[in-house]
1. Being facing chain C (nearest Cβ under 7 Å) and free of Cβ contacts under 8 Å to residues at least 24 places away in the same chain is the filter; apply it to the stretch B:66-82 and report the residue that is farthest from residue B:111 (Cα to Cα).
2. Sort through A:118, A:141 and tell me the only one that's more than 18 Å from the chain's Cα centre (by Cα), touching a residue at least 12 places away in the same chain (Cβ under 8 Å), under 30 Å from residue A:286 (Cα atoms) and more than 11 Å from every other protein chain (Cβ to nearest Cβ).
3. May I ask you to list the residues in the stretch A:246-298 that are part of a loop (DSSP other than H, G, I, E, B) and either at positive phi or loosely packed, with under 15 Cβ neighbours inside 10 Å (or both)?
4. Which one of these is on the phi < 0 side of the Ramachandran plot and part of a helix (DSSP H, G or I): C:77, C:84?
5. For the stretch A:162-200, how many residues meet the condition of being at the interface with chain C (Cβ under 8 Å from one of its Cβ atoms), more than 23 Å from residue A:78 (Cα to Cα) and assigned to a loop (DSSP other than H, G, I, E, B)?
6. Which ones in the stretch A:57-84 are assigned to a helix (DSSP H, G or I), within 9 Å of another protein chain (Cβ to nearest Cβ), in contact (Cβ under 8 Å) with a residue 24 or more places away in the chain and under 21 Å from residue B:167 (Cα atoms)?
7. Looking at A:248, A:273 in this structure, which one is out of contact with any strand residue (DSSP E or B) (no Cβ under 8 Å at 6 or more places or on another chain) and more than 24 Å from residue A:31 (Cβ to Cβ)?
């Protein structure tokens, strides 16, 4: 039995050497099964699009000898995905594409018993900034006009978002608090639905990632008023940041890949290598630019440190939201 | 059937009550200025379900619905046997998935059904039981890229060979 | 004119030998995938993604359209031959398709479905060609109140669907709606109805879990029990002549439903939030309403197969519209397509029709060709599916169970859902014995998760004032019509009771 297995592994490794000479792999660990590529969101949203883009780059460059099989588990703000990944019986073949619900969901639902520090860091693919958008027919062109408009409407100003405790609601909550705004918030099922209802003027403003508003922005329907990034974004050089307005606040959605808890060091090294190659590929760098994401490369130790920092930050932000 | 009708209605009424109770974890009332709370939709619908169970019981008492007039047993000897053999077979099938993998479970289930319940010959039974999982494997894993459960670790050597063929 | 020239270019491109081969392969693969319970166009399109790197983008689009159409046609096959709706859009097809198959007329049902799908797809393509940008603005004017009003209208068509036992029908509808609310409350973001504190319920209960449980397991057990295992085989024979006469009969008896389905399906499909399922359901209801013999619906009326099939094909084409013009995916399939377009360097959205005319019209042109290829290939495959029905029942039955379990897993990738499916199947068997209609529950689990959030979003918009459903220009009339339809049977019953007195 033992002999056959070793023999088999040898054949696999040998055949792979022939098939994919470009990969420099550590200790020769290779996946033996299709890789469960769990996505913390339902099909169609920003996170899903990014995950599928990553998968297609891996596919195109033939970076893995077994396919990445996308597996959408968006239920319960990603709770479903976290349970699935942390309970897997094969951690070496299970990886997860995360967004900020990676931090918020375990905080909001302590009963899930998820400790994100047990997950294996793999790669930080980039961070997605947030922008405040209004429809061009509203006539607003500056953030000051927006603040004035919201105040004049006495709580009747309607904004849409992806739900209480979600990334955009955290940003809106901070903004409302900082400028003393009274906003009516309508939760939708995803960023795409929010963008559609802003385009149809069912709602008056949104806070959304540039990727999801881009089509309407280019058509001239959406007007960006304020960015929640650290510095002005290259694609929107005229849009001021909230930092310029005197509030020390920035907020990004993380687009990171993490491994299941208990993944072996060899497997982690393999995936880190694969995703480094994807990160450095022209396709991904082009995607970062066209969709206005910022690269934020970190090694494994830095990622774990970053997680700790984000958990602390989100604790405060959620507390401010009243959760 | 007559007894079965009221027992079914009773079980469904209890389930409706459970759903109502479970819904109250979120507000079930009408929040002024916001509309119904998070639990309102399932709570009131479950309440309608409970009401329907009451009406079913009333119809049972009046004897207007066909099952409440029938004196036949819900399941006769054949019915029980069928339910245990076929229904039990399906439960066994699903239980086996986590042990001997999806494909192994398909083979066992088909062999059991076609040979034992269907009383077909060994030739047909064995060929169905062996060819179906193989075809499914190449269809789902190879063509569709959908991975099925592989069961306990002891099945790994087999799957390693199979994966080697398709990738 | 320019549009027509571009469209012709698209069609010509699709007719090149390489591309025609891709279409034939794509449609055949799509047909098989669609016919498999649990798998649908979403799986077909997902496997396409890697292929798009091997062939030129033009051919990739054509391949995609072919798989998409093949899968849409395939949905009816599983509904008719296995009695399991492979997708929520095909539930209404089982209402009359299954009785027809039971009467040994599966070929009539399949031929009707194929022809209706073809007409539906063609009409949808023409509407798409003529009105695409204009319809995009209609889609935008549908906010939460309008979508809720539309859902109310879809529920109104339920009224005629249930059995004779009214409390049991209402129970079934409510049961489906409550099951649909399991998981998370979208508005407050809080977990809801996590039954027995099992984490598996966090993801909610999918349509397929209930549908495959009810039809693939429950109905099958019931059939075995009723027939004492001796299913009387009405051996359907398949000849070219027989198919021709089926086609004739299908045209004669199914044209009304086909046209209702084609137009209604398209307009409902264009609305991103609604999708093809309410479209096919409403078409079935309308076809029944305008039929001269509404009582034959549910007994095997070809009109009842034609309407939902024309509608779901038409709606699936219609759902491409918000994806292309607004960049909003109306279904998981279009979501993956959207991802594909981003990879090809296209920006879906309002500018696409202006900036990428060649891509857009090439895609639509290949829709026309794929649709035509799909109907031919589908008709050619029908004898194969009929032959499958001639398998001994003791072989067909275990195959259906296996397909149910495997298909269910392929759709959900979770063993928890498979156990749930088995439980639903056993429960459905008993409920079926006591005359509980289950189709309303299966449809309610699809419509509920659209209806509830839109209801509450609307009320949030209006600060809790329900008059929002009556005062908005589009929502108002729809709500009123829906309410009239819902209360009409009750009103009729009251009148009937009064008259003898």
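The values are calculated or read from the model by the stated rules, or taken from the named source; none is laboratory data. All values reported here derive from a predicted model rather than from experimental measurement. Using ideal geometry, Cβ is built from the backbone for each residue, glycine included, and neighbour counts are taken over all protein chains shown.
1. B:66
2. Just one listed residue meets the conditions, A:141.
3. Matches in the stretch A:246-298: A:246, A:248, A:262, A:264, A:292, A:295, A:297, A:298.
4. Result: C:77 is the single residue among C:77, C:84 that is on the phi < 0 side of the Ramachandran plot and part of a helix (DSSP H, G or I).
5. 1
6. A:57, A:60
7. The conditions single out A:248.
Each row is one residue, and each column tells you yes or no for (1) farther than 24 Å from residue C:416 by Cα; (2) within 10 Å of chain C (Cβ to nearest Cβ); (3) crowded, with 17+ Cβ neighbours inside 10 Å.
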residue	(1), (2), (3)
B:56	yes, yes, yes
B:64	yes, yes, no
B:85	no, yes, no
B:94	no, yes, yes
B:128	yes, yes, yes
B:133	no, yes, yes
